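First the structure, in the form of structure tokens, and then the observations on it.
Laboratory data are not the source of any read-out in this text; all were calculated from the coordinates shown. Since we're looking at a predicted model, the values are computed, not measured. Neighbour counts are summed over all protein chains in view; Cβ atoms, including those assigned to glycine, are modelled from backbone coordinates with ideal geometry.
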Amino acid sequence: MATLGEFKAGDGEAVIFQATANCLLLVKDFNFNKTNTFLDYTFGGCEVGLHIGVDFTLSNGDPTNEHSLHFLDSNKENDYVRAISAIMDTIKDYDVDEKYPIYGFGAMLPQTPEKVSSHCFALNGCIFDPEQEGKQ
């Protein structure tokens, strides 16, 4: 009788299991395919980066209204802040520099002379270096 490991290393067929003289499991071919896990990739040098995009459109309601998803209360975090914080807490251990580019869309920016919403802007004001360190 042979184990799957022994069969993998050898040639031909192998009896893996024999219950009785008339009942046995005979393997003629065996293929072992390893599936990589998330940790296999990270230990192998793969880096994970988080890019954050915040929706400032009015589809979520007026940000001054406490029922809006965008409402900011100094005493508690809104749903957006809680979701982003949870993701950042999970990913921070896999991000080398713990810097995160944060973009917004759907807001009228003060420096824009036209009264149109911007489709992509850096929340820190610098589109060429939109990264923030950690959670702020």
Label-point separation (nm) for residue 112 and residue 78, each offset 7 Å from Cα along Cα-to-Cβ?
1.8
Taking 7 Å along the Cα-to-C-beta vector as the label spot, tell me the residue 94-residue 128 distance in nanometres, rounded to one decimal.
3.2
